Amino acid sequence: MVQYLDSVCEILVIIFYFSLLKFRDAPAGIRTRASAVAGLYHTTRLPALIYVLKGSKILKDFQQTLYMDLILDIGGTKIEAMVLDSVKVISHKRFLHTSFLKDLKSVLRSFSSSYEIEGVAYSVAGQVKNNKVVKSPNLPGLNNFDLINYTKQFFPNAKIVLANDANCFAYGESLIREVRDVFIGVVWGTGLGSGIIINNRIIEGNNGIAGELGHIKLNHNYKCGCGKKGCLEAAVGGRYLEKRLKKSVKILLSGNYDLFENETLNWLSAGLEKAVHLLNPSHIIFGGSIGENLPPNYLENLKKKIEENLSFNTSFKLGITSSTSYAVIKGCRELLNSEKLHF
């Protein structure tokens with residue numbers, strides 16, 4: 001019984017602390033302890049007194065006090081939205097967008113009316129610098145659009161950050177794998193993007209285009225959404241493959257795998273070989289709707305092809321994420337909770 005009373009007292013102390021100070025501004029020790037207590041409550045539902053109290057306003061207030069963040073992963077064809085508190089995912093929805101800003105407005109309005117959000121993080125396909133989308137080949141409606149001020153209409157008191165989607169993925173995946181040196185994350189889906197992480201820092205470059213592997217030039221004449229010809233993305237990106245081959249990527253990866261490999265392997269290996277020469281990474285990890293579904297023999301053939309064209313002896317791990325969404329969530333939340341993660 002004493003054990004239960006101690007637990008209740010601990011929760012009440014944390015609630016009192018939260019009433020004086022916002023959760024994010026609390027010392028790290030308090031935040032960690034609060035999350036641990038919340039996790040214990042959610043997993044065991046602490047019997048006896050806590051069982052009696054769990055439907056009461058006290059514990060409802062406690063659960064509300066745990067800050068909630070909204071993560072919005074914006075791709076060329078969909079918006080993936082996740083609401084999380086400090087312990088778990090509260091809501092996870094996917095929306096296809098046809099009229100981007102109209103659909104985004106609907107999503108933001110829906111979440112703002114349902115949750116008390118303290119942080120909003122956008123993961124966007126495109127060039128991002130100083131919390132602004134400079135250019136997005138697959139989402140031209142976002143070019144130079146002030147997404148942060150637009151979002152403040154719905155979440156006026158929230159902290160709002162904006163980052164390139166491949167950077168979010170690469171950063172989250174590097175943390176999950178505990179990679180401390182040079183890491184390249186490749187998001188291969190509608191298009192192809194990549195993020196570079198060195199010593200747990202996102203490398204953005206001078207104007208936010210470092211890691212744009214999809215826009216290095218190769219010897220072909222396919223036109224890219226950026227307006228140029230010869231981009232790696234135009235050779236292997238999902239929307240370009242489907243247009244060229246008149247088949248869906250899903251069918252290409254299953255029923256027409258040989259055609260998929262023949263159409264992509266040489267181009268992708270040529271692009272990654274340049275990245276290996278330039279950065280000498282320890283890991284190259286794929287995510288995205290295509291990247292997550294690459295069969296093992298494709299990775300083996302890709303690695304062999306890259307190594308055949310290297311001028312020096314080096315080793316690197318080529319692999320696939322267990323979950324693009326989870327890696328993006330991880331990366332976005334770190335961006336919300338930290339200030340100096342970019343170079």
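The numbers here are math on the coordinates, done by the rules we state, and not lab data. The structure presented is a predicted model; accordingly, all values stated were derived computationally and were not measured. Every residue, glycine as well, gets a Cβ built from its backbone with ideal geometry; the counts of neighbours run over all protein chains shown.
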Check your understanding: Order of Thr98, Thr324, Thr314, Thr151 from fewest to most other C-beta atoms within 10 Å?
Key -> Thr98, Thr314, Thr151, Thr324
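Take the Cβ-Cβ distance between Leu310 and Ser113 as r, set R0 to 51 Å, and report the resulting FRET efficiency rounded to the nearest 0.05. Numbers along the way, then the final one.
On the way: r = 54 Å, r/R0 = 1.06.
Step by step, r from the Cβ atoms, then E = 0.40.
I need the peptides 210-216, 256-262, 301-307 ranked by packing, meaning the mean over residues of other C-beta atoms within 10 angstrom, with the highest value on top.
Values: 210-216: 21.4, 256-262: 15.0, 301-307: 16.9.
Most protected by this proxy first, the peptides run 210-216, 301-307, 256-262.
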**Study point:** Of Ser311, Ser254, Thr321, farthest towards positive along the dipole that unit charges on Lys, Arg, Asp, Glu beta carbons give the stretch 210-329
**Key:** Ser254
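Pairs of Cα atoms under 8 Å, at least six residues apart: use those to get the relative contact order of the stretch 122-260, whole percent. Walk me through the numbers before you get to the answer.
Details: 243 pairs, mean separation 23.0, N = 139.
Relative contact order comes out at 17 percent.
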Revision key, fill the gap. Highest mean packing first, using Cβ neighbours within 10 angstrom, the peptides 175-181, 134-140 sort as 134-140, 175-181
Practice item. Give me the distance in nm between label points sitting 7 Å out from Cα along the Cα-to-Cβ direction at His92 and Lys105, one decimal. Key: 3.0
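Where nothing but the Cβ of Lys and Arg (+1) and of Asp and Glu (-1) is charged, how large is the charge dipole of the stretch 69-164 around its Cα centre, in debye to the nearest 20? Can you show the working numbers first?
Numbers: 12 positive and 8 negative charges, 57 e Å.
Taking the Cα centre of the stretch 69-164 as origin, the dipole is about 280 debye.
By count of other Cβ within 10 Å, fewest leading, how are Ile71, Ile79 ordered?
On the way: Ile71 26, Ile79 20.
Going from least to most buried by this count: Ile79, Ile71.
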Check your understanding: Using r as the Cβ-Cβ distance of Lys274 and Asn337, and R0 as 35 Å, what FRET efficiency do you calculate, to the nearest 0.05?
Key -> 0.55
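Under the 0.36 nm per residue contour assumption, what length would be gained going from the current alpha-carbon distance of Asn144 and Glu242 to full extension?
32.4 nm
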Check your understanding: Dividing the convex hull volume of the alpha carbon atoms of the stretch 168-325 by its residue count, what do you get in Å³ per residue?
Key -> 111
Exercise for review: Would you order Asp165, Asp73, Asp85 from fewest to most other beta-carbon atoms within 10 Å of each residue's own beta-carbon?
Suggested key: Asp85, Asp73, Asp165
Check your understanding: Which of the lysines could be linked to Lys217 by a straight reach, that is with a Cα gap under 22 Å, when you skip same-chain ones fewer than 8 residues away?
Key -> Lys135, Lys228, Lys229, Lys243, Lys274, Lys303, Lys304, Lys305
Exercise for review: Over the stretch 69-164, calculate the relative contact order: mean separation of alpha carbon pairs under 8 Å at least 6 apart, over the residue count, as a percent.
Suggested key: 27
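What is the stretch 168-325's relative contact order, in percent, from Cα pairs under 8 angstrom and six or more apart in sequence?
On the way: 263 pairs, mean separation 36.8, N = 158.
Computed over the stretch 168-325, the figure is 23 percent.
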